[in-house]
Amino acid sequence: DTNTNGVRSYLQVRMPTFYLSDNEISQLVSFFEAMSSQPLQYMAPKQKPLTPEETTIARAIFTSPAAPCLKCHMDGNAAHDKTASAPNLLLASERLRPAWTLQWITNPAAMSPGTAMPSGLFRQENGRWVFNGPLPAAAKDYKGDMAELLVRYMFQMTPQEQQRVLSATPASK
């Protein structure tokens, strides 16, 4: 299999290649914008940078045995990716919108019944999403929205950070 981009390698279909010039692509984008009544191309919202404390909390949730994200998500390791059923999270900021991702991680079954992504990872508490597994020590005093924090973490993840969490996540090996 030559699909190494980390997105749905289990699918045995490919999008056709059209060999369009940059000008032709720009014309198509303009056409679709006009047909959708959207005045501008999508501009990704700026993500609030994570503080060192927030990074520690998000990393602890991300690697928690109650939600071992990299157990199912591709990570760039060919042996693991061969059996992984979910896309590489390093691509989240390129392919997803933060608001959609927040909805997805808080209730994936409502968005895609039968999905392998577990629901119930977060619960509502005092108007914010709180991690539903055993809280990592770093997160016990965190007063912010933990699901939103995890989304920011995923959207700001670097290959170096992914390697760091891989070494700390026994379930992903």
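The values are calculated or read from the model by the stated rules, or taken from the named source; none is laboratory data. Everything quoted here is computed from the prediction, not taken from an experiment. Cβ coordinates were reconstructed from backbone atoms using ideal geometry, including for glycine residues, and neighbour counts include every protein chain displayed. Protein only, heavy atoms only, side chains kept; ligands, DNA and RNA dropped before computing areas. Shrake-Rupley method; radii C 1.70, N 1.55, O 1.52, S 1.80 Å.
Here are the numbers for this structure:
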| quantity | calculated |
| --- | --- |
| Positive-end extreme of charge dipole, the chain - chosen from F31, T51, Y142 (charges on Cβ) | Y142 |
| D22 accessible area, assembled protein chains, probe 1.4 Å, Å² | 130 |
| Test item: Cα-centred dipole of the chain, Lys/Arg +1 and Asp/Glu -1 on Cβ, debye | 420 |
| Quotient of C-alpha Rg and 2.2 N^0.38 Å, computed over region 91-152 | 1.15 |
| Degrees separating the helix 146-155 axis from the principal Cα axis of the chain, which is the longest one | 50 |
| Dimensions in Å of region 49-155 - Rg and Dmax from alpha carbons | 13.6, 42 |
| Cα long-axis angle, helix 22-36 against the chain (0 to 90 degrees, to the nearest 10) | 70 |
| Rounded to 10°, Cα long-axis angle of helix 52-62 versus longest principal axis of the chain | 90 |
| Choice from I57, I25, I105 showing the highest fluctuation, given a GNM over the chain with Cα pairs closer than 10 Å | I25 |
| Helix-only [θ]222 nm of the chain, DSSP H runs n ≥ 4, -39500 (n - 2.57) each, per residue, nearest 500 | -10500 deg cm²/dmol |
| Residues whose placed amide H lies under 5 Å from that of F122, excluding near-sequence neighbours | N132 |
| Protein accessible area in the chain, 1.4 Å probe - carbon and sulfur % | 57 |
| Solvent-accessible area per residue, Å², over the chain with all protein chains present [probe radius 1.4 Å] | 65 |
| Within a Gaussian network of the chain (alpha carbon springs, distance under 10 Å), most fluctuating of L149, L89, L20 | L20 |
